[in-house]
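To keep things clear, I will list the structure first and then write my remarks on it.
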Amino acid sequence: MSYERCKICGKYDFIDRHKCSPKWEATIPEYYGDEWVEVYAFDEESAAENMAERYNSNGDYSLMNGNEITVLVKKPGGEEVKTFICSAEPDIIYHATEQKVSKENAKNNM
Ligand SMILES: [Zn+2]
């Protein structure tokens with residue numbers, strides 16, 4: 001079983017049992033105008049998040065500064081359009097590195 005990037009939806013998964021998420025069309029009117037982009041996602045909300053991520057990582061990560069963007073999502077060829085306000089926040093990653101201290105120094109520091 002191989003872990004690869006799906007050629008259709010772009011998701012990394014065990015390719016033998018992978019099934020693409022449903023396809024949506026999304027746009028950010030402010031930047032893409034009426035050009036709709038195909039997005040694969042579990043639902044409309046995550047399609048909007050994917051679109052926001054694409055926009056954010058293509059640009060200057062402006063969503064990290066508390067900015068919000070409007071993302072429109074619809075089914076491919078569909079009429080009904082849902083509007084989402086998207087924002088982002090960075091994950092905090094903690095690092096721990098063990099500091100080796102000699103027994104002699106440890107005693108002196110107590
Ligand atoms: Zn796929």
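For the stretch 47-87, the set of residues classified as assigned to a loop (DSSP other than H, G, I, E, B) and closer than 13 Å to TYR32 by Cβ consists of GLY59 only. Within the stretch 42-66, residues that are within 17 Å of TYR31 (Cα to Cα) reach partners that are part of a helix (DSSP H, G or I) and charged (D, E, K, R) with beta carbons closer than 9 Å, at six or more positions or on different chains, in the pairs LEU63/GLU53. If the condition is being among the aliphatic types (A, V, I, L, M) and touching a strand residue (DSSP E or B) at 6+ places or on another chain (Cβ under 6 Å), then the stretch 1-40 contributes MET1, ILE15, ALA26, ILE28, VAL37, VAL39. Filtered by the rule that a residue be under 16 Å from the mean Cα position of the chain (by Cα) and either within 19 Å of VAL81 (Cβ to Cβ) or touching a residue at least 12 places away in the same chain (Cβ under 8 Å) (or both), the stretch 1-22 gives CYS9, GLY10, LYS11, SER21. Taken over the stretch 1-46, the criterion of being charged (D, E, K, R), away from the ligand (no atom under 11 Å from the Cβ), out of contact with any Pro (no Cβ under 6 Å at 6 or more places or on another chain) and part of a strand (DSSP E or B) is satisfied by GLU38 alone.
Readers should treat all values here as calculations from the given coordinates under stated rules, not as data from a laboratory. Computed from a prediction, not measured in an experiment: that's the story for all the values here. Glycine gets a Cβ as well: all are built from the backbone with ideal geometry, and neighbour counts include every protein chain shown.
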